[in-house]
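Chemist: Encoded as structure tokens, here's the structure I'll be asking about.
The values are calculated or read from the model by the stated rules, or taken from the named source; none is laboratory data. Bear in mind that the values here come from a model prediction, so they are computed numbers and not experimental data. Cβ coordinates were reconstructed from backbone atoms using ideal geometry, including for glycine residues, and neighbour counts include every protein chain displayed.
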Amino acid sequence: MKQVKRKLAGASMQKPCDTLLINGKIIDVYTCSIYEASVAITDGEIIGIGDYTEANEIIDIKGKYISPALIDGHVHIESAMVRPEDFASVLLPKGVTTVIADPHELANVAGAEAVEYMLRASTNLPLDVKMMVPSSVPAASFEENGSVLTSSDAERLFRDGGAYGLGEVMDFPAVLNGDEEMLKKIELANTFGAAVDGHAAGLNEAALNAYRVAGIENDHEAVTAEEALARVQRGFYVLMREGTAARDVEALLPAVTSANARRFAFATDDKHLDDLIEEGSVDFNVRKAIKLGMNPLQAIQIGSLNAAECFKLDKKGAVAPGKEATFLLVSDLDAFQVDAVYVNGQLVAEQGKLVEPIREPIPVPEKLLESMHVAPFTIEDLSLRLTNSEATPVIKAKLGSIVTEKLVERVEATNGVFQPGSGHLKLVVVERHHATGHIGLGIVKGLAFSEGAIVATVAHDSHNIIACGADDRSLYHAIHHVAEIGGGMAIVKGDQVLASMPLQLGGLMSIEPVPIVKKQLNELQKALLEIGYNEKVDPFLTLAFLALPVIPSIKLTSKGLFDVNSFSFLTQ
């Protein structure tokens with residue numbers, strides 16, 4: 001009550017406020033307009049906007065725009081391949097001060113213990129990380145992942161761990177069939193007043209209706225304007241995604257109108273560290289929307305207020321009395337380059353750099369550093385025998401998308417054994433959590449390189465080893481290499497490792513600082529040229545989604561080729 005009285009005294013001009021911003025142009029995201037006024041701040045909160053003059057500290061904004069800080073509506077920190085503390089150091093200078101984070105990648109490796117680590121690692125940071133409880137671990141019941149996260153785990157994480165909501169509900173058959181364990185997780189979220197994230201990839205109208213009936217409130221899987229409108233019409237918030245592999249903003253913007261814009265927010269979902277550094281996070285979504293013709297004020301509204309309301313962040317999303325004093329200073333709205341970032345009234349970043357370093361990362365549990373358990377295998381185990389080489393199922397991958405196409409094509413074969421060539425490469429998924437010895441083999445088209453292999457232990461969502469290559473020798477050595485280094489990504493030609501990035505934390509994240517991880521990523525990009533890959537789009541994130549059997553239309557798991565549309569395994 002004492003603090004409230006201080007704020008009220010400042011708001012009513014009975015006493016000076018702590019900090020006063022003068023000569024600024026306020027971006028009003030409620031009305032998508034701009035006006036000039038002073039902003040009064042006390043105890044990290046905006047207590048007034050108007051003709052204030054008395055303050056303990058006065059900051060002259062010198063005509064810059066005061067914008068609400070940005071919110072990422074859905075992100076997997078693991079996809080940046082760095083720890084939460086390092087992730088915060090990258091995002092804050094970009095103007096992103098709040099993220100809705102779903103740690104289901106690491107949870108698929110180590111369950112509730114992994115979520116608990118992510119919760120601890122995300123506390124006491126200037127980046128506000130709202131950690132969700134993963135809903136679908138595993139993503140589908142037949143998957144071979146590292147752990148299971150039950151409704152009992154979810155209840156404990158909500159009650160004791162400080163989890164904020166229920167992460168993306170990926171197991172759509174569980175929802176449609178009324179699976180009790182899934183419904184119990186959603187009911188728990190409702191009991192704790194928590195948001196429930198959707199994952200409605202490729203769902204028809206009836207399935208979307210069922211998702212809403214179940215209490216799922218948002219979705220980031222719309223990839224066309226028609227899909228976006230179908231969701232808005234049913235009361236969903238649509239999170240317009242712009243990550244490394246999935247770039248949907250341009251396709252979705254035609255769905256946004258002045259009448260429905262408040263039902264849209266921005267998300268990155270999965271974005272690699274190098275793209276976060278070079279392009280940005282949600283600030284990049286805002287810039288892209290502006291470049292494609294959206295009013296800058298509406299783009300900022302979508303990136304701030306809309307996300308705050310979607311996720312019940314009542315103190316965030318606007319420059320207004322009663323809101324957190326968390327805002328950005330911007331000189332040019334069309335360019336939307338962030339000059340300064342304030343969190344709770346304190347300057348945390350200026351001209352793209354942190355004012356003070358983020359605290360040291362917390363220790364990582366040993367279990368998360370020892371996640372590679374691969375059964376012995378031979379190069380002969382990588383041979384793919386075909387029943388009909390004249391009409392073989394092929395995964396058609398598209399760079400920049402996580403959706404695939406099912407093809408049936410003639411492929412090269414010798415004595416009934418597939419031979420890579422003519423644009424066809426071999427795809428391999430090796431189980432790595434429980435040493436089951438299961439190896440899935442398939443054929444992929446669309447990853448354009450002519451020799452060698454690429455490999456990673458980042459393979460959504462079960463995160464087994466996934467490799468794509470032009471010959472079995474390269475594939476064999478690539479798979480062995482990432483197993484030996486405790487998980488990671490690599491490019492291999494024959495028995496020569498051209499570039500490698502260890503990801504010791506669950507096989508998903510590095511324990512090295514950002515500059516080293518960035519250097520290793522750059523070396524991977526250079527090595528791609530040595531195997532004949534010349535595309536501008538990073539193939540590793542596209543590769544990682546070729547194992548996710550809840551995204552249409554055909555994927556490869558450790559148990560074999562899977563048709564998502566029929567939700568059944570295929571023979572080759």
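Chemist: Please find, within the stretch 190-210, the residue that is farthest from Phe545 (Cα to Cα) out of those that are surrounded by 24 or more Cβ atoms within 10 Å (Cβ to Cβ) and not hydrophobic (A, V, I, L, M, F, W, C).
Modeler: Step by step, filter the stretch 190-210, then rank; the result is Asp197.
Chemist: With (1) surrounded by fewer than 22 Cβ atoms within 10 Å (Cβ to Cβ); (2) not in a helix (DSSP H, G or I) as the list, and Pro515 as the residue in question, which single condition is left unmet?
Modeler: Exception for Pro515: condition (2).
Chemist: Which residues, taken from the stretch 103-120, are of a type outside the set (Phe, Trp, Tyr), at negative phi and out of contact with any Asp or Glu (no Cβ under 6 Å at 6 or more places or on another chain)?
Modeler: Within the stretch 103-120, the first condition is being of a type outside the set (Phe, Trp, Tyr), and the residues that meet it are 103-116, 118-120.
Then keep just the ones that are at negative phi; that gives 103-110, 112-116, 118-120.
Answer for the stretch 103-120, where residues must be of a type outside the set (Phe, Trp, Tyr), at negative phi and out of contact with any Asp or Glu (no Cβ under 6 Å at 6 or more places or on another chain): Pro103, His104, Ala107, Val109, Ala110, Glu113, Ala114, Val115, Glu116, Met118, Leu119, Arg120.
Chemist: While we're looking at this one, here's another question. Among the residues of the stretch 360-374, are any modelled with pLDDT of 95 or more and basic (Lys, Arg)?
Modeler: Within the stretch 360-374, none of the residues are modelled with pLDDT of 95 or more and basic (Lys, Arg).
Chemist: In the stretch 102-122, which residues are surrounded by fewer than 24 Cβ atoms within 10 Å (Cβ to Cβ) and either among the acidic types (Asp, Glu) or closer than 27 Å to Gln301 by Cα (or both)?
Modeler: Once the filter is applied, which keeps residues that are surrounded by fewer than 24 Cβ atoms within 10 Å (Cβ to Cβ) and either among the acidic types (Asp, Glu) or closer than 27 Å to Gln301 by Cα (or both), the stretch 102-122 yields Glu113, Glu116.
Chemist: Could you pull out the residue among Arg247, Arg231, Arg263 that is among the basic types (Lys, Arg) and touching a Gly at 6+ places or on another chain (Cβ under 6 Å)?
Modeler: On the way: Arg231 fails: touching a Gly at 6+ places or on another chain (Cβ under 6 Å); Arg263 fails: touching a Gly at 6+ places or on another chain (Cβ under 6 Å).
Among Arg247, Arg231, Arg263, only Arg247 is among the basic types (Lys, Arg) and touching a Gly at 6+ places or on another chain (Cβ under 6 Å).
Chemist: For the subset of the stretch 1-15 comprising residues that are of a type outside the set (Lys, Arg) and surrounded by fewer than 18 Cβ atoms within 10 Å (Cβ to Cβ), which member is nearest to Asp314 (Cα to Cα)?
Modeler: Across the stretch 1-15, the extreme among qualifying residues is Val4.
Chemist: Taking the stated definitions as given, is Ser135 among the small types (Gly, Ala, Ser), in contact with a His (Cβ under 7 Å, 6 or more places away or on another chain) and buried (at least 24 other Cβ atoms within 10 Å of the Cβ)? Break it down stepwise before answering.
Modeler: Working: among the small types (Gly, Ala, Ser): yes; in contact with a His (Cβ under 7 Å, 6 or more places away or on another chain): no; buried (at least 24 other Cβ atoms within 10 Å of the Cβ): yes.
Here the answer is no, as Ser135 does not meet what is asked.
Chemist: Please go through the stretch 1-38 and give me each residue that is of a type in the set (Lys, Arg), in contact (Cβ under 8 Å) with a residue 40 or more places away in the chain and not in a helix (DSSP H, G or I), ordered by number.
Modeler: Applying the first criterion (of a type in the set (Lys, Arg)) to the stretch 1-38 yields 2, 5-7, 15, 25.
When the remaining residues are screened for being in contact (Cβ under 8 Å) with a residue 40 or more places away in the chain, the result is 7, 25.
The one that is of a type in the set (Lys, Arg), in contact (Cβ under 8 Å) with a residue 40 or more places away in the chain and not in a helix (DSSP H, G or I): Lys25.
Chemist: Of everything in the stretch 128-167, what is over 22 Å from His74 (Cβ atoms) and of a type in the set (Phe, Trp, Tyr)? Give them in sequence order.
Modeler: Of everything in the stretch 128-167, just one residue is over 22 Å from His74 (Cβ atoms) and of a type in the set (Phe, Trp, Tyr), namely Phe142.
Chemist: A further question follows. Tell me which residues, restricted to the stretch 341-364, are in contact with a strand residue (DSSP E or B) (Cβ under 8 Å, 6 or more places away or on another chain), farther than 18 Å from Ile277 by Cβ and loosely packed, with under 12 Cβ neighbours inside 10 Å.
Modeler: Taking the stretch 341-364 first, the residues in contact with a strand residue (DSSP E or B) (Cβ under 8 Å, 6 or more places away or on another chain) are 341-345, 347-352, 354-356, 364.
Next, only the ones that are farther than 18 Å from Ile277 by Cβ stay: 342-345, 347, 355-356, 364.
Within the stretch 341-364, just Glu356 meets the criteria.
Chemist: Tell me which strands (runs of 3 or more DSSP E) are completely within the stretch 429-494 and hold 3 or more residues being surrounded by 20 or more Cβ atoms within 10 Å (Cβ to Cβ), free of Cβ contacts under 8 Å to residues at least 60 places away in the same chain and outside the structural domain of His272 (by TED's automatic domain parsing), or say none if there are none.
Modeler: Values: elements: 439-445, 453-456, 465-469, 488-493.
Of the strands (runs of 3 or more DSSP E) lying wholly inside the stretch 429-494, those with at least 3 residues that are surrounded by 20 or more Cβ atoms within 10 Å (Cβ to Cβ), free of Cβ contacts under 8 Å to residues at least 60 places away in the same chain and outside the structural domain of His272 (by TED's automatic domain parsing) span 488-493.
Chemist: Being closer than 17 Å to Ala251 by Cα and in a loop (DSSP other than H, G, I, E, B): is that true of Gly193 here?
Modeler: For Gly193, the condition - closer than 17 Å to Ala251 by Cα and in a loop (DSSP other than H, G, I, E, B) - is not met.
Chemist: In the stretch 518-544, what residues are buried (at least 19 other Cβ atoms within 10 Å of the Cβ), of a type in the set (S, T, N, Q) and farther than 14 Å from Val482 by Cβ?
Modeler: Hit for the stretch 518-544 is Thr542, nothing else.
Chemist: Among the residues of the stretch 377-395, write down those that are crowded, with 16+ Cβ neighbours inside 10 Å and part of a strand (DSSP E or B).
Modeler: Listed by number, the residues that qualify are Thr392, Pro393, Val394, Ile395.
Chemist: Identify, from the list Leu166, Leu127, the residue that is touching a Ser or Thr at 6+ places or on another chain (Cβ under 7 Å), at pLDDT 95 or above, over 23 Å from Met81 (Cβ atoms) and of a type outside the set (S, T, N, Q). Write out each step before concluding.
Modeler: Values: Leu127 fails: over 23 Å from Met81 (Cβ atoms).
Unique residue meeting the criteria: Leu166.
Chemist: Further question on the same structure: Hand me the list of strands (runs of 3 or more DSSP E) wholly inside the stretch 39-140 holding 1 or more residues that are within 30 Å of Ala174 (Cβ to Cβ) and in contact (Cβ under 8 Å) with a residue 24 or more places away in the chain. First the steps, then the outcome.
Modeler: Details: elements: 45-50, 55-60, 65-68, 70-75, 96-101, 128-133.
Qualifying strands (runs of 3 or more DSSP E): 70-75, 96-101, 128-133.
Chemist: In this structure, is Pro321 surrounded by fewer than 24 Cβ atoms within 10 Å (Cβ to Cβ), touching a residue at least 12 places away in the same chain (Cβ under 8 Å) and either outside the structural domain of Leu91 (by TED's automatic domain parsing) or out of contact with any helix residue (DSSP H, G or I) (no Cβ under 8 Å at 6 or more places or on another chain) (or both)?
Modeler: yes
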